[in-house]
Amino acid sequence: STQSTWGDKSLPSNQQQKLADDTLILQNPTTLLLVILFHQNKNYVVAVRRPNFRAPDMSYLELPTAIKDNSGTFRGPFIQKIAKTLQMKFDVHNMMDFTELVFGSSSNYLLTSPTESNASFNMWLYKQEVHSDYMANLPTRITANNHDGDICKVELIELSKIIEMVTDTRSCTALLLLDALASKMPSQTTPPQRPPTPPPPEPEPVPLYSAEEIAMQQAALQAELAAKKRAQAAEQNEEEDE
């Protein structure tokens, strides 16, 4: 058997086998998810921060990716954590095929690095208006679901700021297209959140007796006490007579 020397850094560089300049690395296509929450005239993008050993960067910020299963639900470690943190569900019924909006067809894919690999991706958009109570509690929920050692951590960043923070091809492409097609963007892909239903008011206490019944009971009690006093007085008089 022959031992492979691909990328073997222990060998001199002239002895290492390298890929030819016209070689393409085959990779499966991925789906990029643009998850946007709208609140008080501002758009907030959900991103993930994870280690990237190619960079290397132990705190790499990017938009989440997922795989769409046969039922139309998006799955994967990133979107599953986001769904749990945001308490939302992501599928084709409450999202929009962003790739179709860009190209007019959902069969097109964007190439990540066309000169280096066949890596490609499509995009789906989720946008929803959220109510104030939900937005106020969201930072606490994000903190509670981000743990040391997690494969990724969820972050919520204003759309106007995140474009300057991400550096990967997929995220930058999606955000730039989102900005370029802003006039064609739907205001939301799913109905706005309903505010939380307030608890029903406490029922007013119902008295056991009406005021008239209470007055009658008090009158009967006073009459009974007066009768007892008269009986006691009569007994005392009889004793004195004897």
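The values are calculated or read from the model by the stated rules, or taken from the named source; none is laboratory data. Predicted model, so just to flag it, every value in this text is computed and none were measured. All Cβ positions, even for glycine, are placed from backbone atoms using ideal geometry, and neighbour counts span all protein chains on display. Ligands, DNA and RNA are stripped out before the accessible areas are found, and what is left, the full protein with its side chains, is counted by its heavy atoms. Shrake-Rupley method; radii C 1.70, N 1.55, O 1.52, S 1.80 Å.
Summary of computed values
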| read-out | value |
| --- | --- |
| Calculated FRET efficiency for the pair A227/N146, C-beta based, R₀ 51 Å, to 0.05 | 0.05 |
| Å² of accessible area per residue within the stretch 107-229, as computed with a 1.4 Å probe and no ligands counted | 68 Å² |
| Residues with amide H under 5 Å from that of T190, placed H, sequence gap 5 or more | K127 |
| Rounded FRET efficiency, nearest 0.05, which uses the C-beta distance separating E212 from N70 and R0 of 51 Å | 0.10 |
